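All remarks here apply to the structure that follows.
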Amino acid sequence: MEETSAAVLKNTAELEAFRIKYLGTKGAMKDIFDAFKEVPNENKKEYGQLLNVLKSHVEQVFNQHKEALENLDEGAVHDFDLSMPGIPLDIGARHPINIIKNEMIEIFARIGFSVAEGPEIEDDWHNFTALNTPEDHPARDMQDTFYINKNTLLRTHTSPVQIRLMETQAPPIRVITPGRVYRNETISARAHCTFHQVEGLYINDNVSFADLKQTLLYFAKEMFGQKVEIRLRPSFFPFTEPSAELDITCFICDRKGCPVCKGSGWVEIGGCGMVDPSVLENCKIDHEKYTGFAFGMGIERITLLKYGIDDIRLFYENDVRFLKQFTS
Ligand code: DAH
């Protein structure tokens, strides 16, 4: 009895072995019943009763094990093959826009720029007025800007963060401000209604255009390689004076001319200039004492160039076959 009670049966095969050993036609119970035949008649009653108790005990033990095994999900617990390869964890990849954004943050951090952010829902003052953008400027047009109401809009650039910083901090200010911006553009391979910019701002005494140029040259070489050169083309932005467009040499064709640089050997990556004194004044910064430079670059543009991608829409489609190709 003790032997059968102590039995540990882990699966149906062991249960069957138990059955054969004790209850089978050649099992232990059969042997005991055979031996019973030899017992003298006067003892048969006593032995018979004991034998029945033993038999029903063994049957009970068998049935209990059988029931317990039936209640178990045998497939999960007992047929578990430890040597099987595991289910691979699908590890995500960083979005290419974020990879480049982080790289830009790192490059500028090395020359003392910290990071600031501002709201994507802006007011007219920060997005336009304080940035010297006049009432009749085309950027204010309903065609270019998503208005929430007359005074509230989705920011069209990251330049309003400049204003928020200058309103709340005293110079020196040396920051970059990465973030998402919105424009009411027709979506195509080259333009989207939402994209990302990195704005840069440096305000201090004696900041010159040469500082701006050196900063941008340093960035371009760190980002695209030491062979890259920059070119500043005179341009116009309401919030900078003088203003320039920033071009880099096309590293895809090594300046020979290709579809990316449209045969010119140069590609534009942003705008820049010296902060207009009236913008400093709007932020109550003494423009007699302080000067500064600012720049704004499109992260998509830099990412397209760096990875040789030819369609901006790929960034927003969330196709994992595209996204998985990037590692940081
Ligand atoms: N905000 C401009 C744009 O979205 C880019 C820009 C140009 C930013 C010149 C600047 C700047 O800070 O100085 O097109």
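Listed here are the residues, each with its yes/no results for (1) away from the ligand (no atom under 14 Å from the Cβ); (2) at pLDDT 95 or above.
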site: Val175; (1), (2): no, yes
site: Glu185; (1), (2): no, no
site: Glu199; (1), (2): no, yes
site: Ala210; (1), (2): yes, yes
Could you tell me whether segment 262-281 includes any residue that is assigned by TED's automatic domain parsing to the domain that holds His196, among the β-branched types (Val, Ile, Thr) and over 26 Å from Arg180 (Cβ atoms)?
no
List the number of the failed condition for Ser278; all other conditions in (1) in contact with a helix residue (DSSP H, G or I) (Cβ under 9 Å, 6 or more places away or on another chain); (2) within 15 Å of the ligand (Cβ to nearest atom); (3) in contact (Cβ under 8 Å) with a residue 40 or more places away in the chain hold.
(1)
Close pairs from segment 228-240: first within 11 Å of the ligand (Cβ to nearest atom), partner of a type in the set (Ser, Thr, Tyr), Cβ under 8 Å, at least 6 apart:
Ser235/Ser243; Phe236/Ser243; Phe237/Ser243; Pro238/Thr133; Phe239/Thr133; Phe239/Ser159
Please tell me if Glu300 is without any contact (Cβ under 8 Å) to a residue 24 or more places away in the chain and either under 24 Å from Ile176 (Cα atoms) or not hydrophobic (A, V, I, L, M, F, W, C) (or both).
no
Output the residues belonging to segment 117-139 that are charged (D, E, K, R) and more than 13 Å from the ligand (Cβ to nearest atom).
Glu117, Glu120, Asp123, Asp124, Glu135, Asp136
Restricting attention to segment 153-171, and to residues there that are more than 28 Å from the chain's Cα centre (by Cα) and within 14 Å of the ligand (Cβ to nearest atom), which single residue is farthest from His126 (Cα to Cα)?
Met166
Condition check: within 19 Å of Thr215 (Cα to Cα), touching a Ser or Thr at 6+ places or on another chain (Cβ under 8 Å) and acidic (Asp, Glu). Does Glu229 satisfy that?
yes
Residue identified as exposed (fewer than 14 other Cβ atoms within 10 Å of the Cβ), within 20 Å of Asp276 (Cβ to Cβ) and touching a strand residue (DSSP E or B) at 6+ places or on another chain (Cβ under 9 Å) among Pro172, Pro160, Pro134, Pro138:
Pro172
Would you point out which residue out of Thr303, Thr327 is away from the ligand (no atom under 16 Å from the Cβ), hydroxyl-bearing (Ser, Thr, Tyr), out of contact with any Ser or Thr (no Cβ under 8 Å at 6 or more places or on another chain) and part of a loop (DSSP other than H, G, I, E, B)?
Thr327
Filter pass, Leu82 being among the aliphatic types (A, V, I, L, M), assigned to a loop (DSSP other than H, G, I, E, B), outside the structural domain of Ile176 (by TED's automatic domain parsing) and over 32 Å from the mean Cα position of the chain (by Cα):
yes
Test result for Phe295, within 24 Å of Pro96 (Cβ to Cβ), of a type in the set (Phe, Trp, Tyr) and within 16 Å of the ligand (Cβ to nearest atom):
yes
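Rundown of residues vs (1) in contact with a His (Cβ under 9 Å, 6 or more places away or on another chain); (2) without any contact (Cβ under 8 Å) to a residue 60 or more places away in the chain; (3) farther than 29 Å from Leu131 by Cβ, yes/no style:
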residue	(1), (2), (3)
Glu245	no, yes, no
Cys250	no, yes, yes
Lys262	no, yes, yes
Trp266	no, yes, no
Lys284	no, no, no
Glu317	no, yes, yes
State the number of residues belonging to segment 104-119 that are surrounded by 15 or more Cβ atoms within 10 Å (Cβ to Cβ) and assigned to a loop (DSSP other than H, G, I, E, B).
3
Within segment 172-220, can you find the residues that are within 25 Å of Pro234 (Cα to Cα), among the small types (Gly, Ala, Ser) and under 23 Å from the mean Cα position of the chain (by Cα)?
Ala191
Report yes if Val175 is aliphatic (A, V, I, L, M) and in a loop (DSSP other than H, G, I, E, B), otherwise no.
no
Please tell me if Ala220 is in the same structural domain as Thr158 (by TED's automatic domain parsing), within 11 Å of the ligand (Cβ to nearest atom) and not acidic (Asp, Glu).
no
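The values are calculated or read from the model by the stated rules, or taken from the named source; none is laboratory data. Predicted model, so just to flag it, every value in this text is computed and none were measured. So basically every Cβ, Gly included, is an ideal-geometry build from the backbone, and we count neighbours across all protein chains shown.
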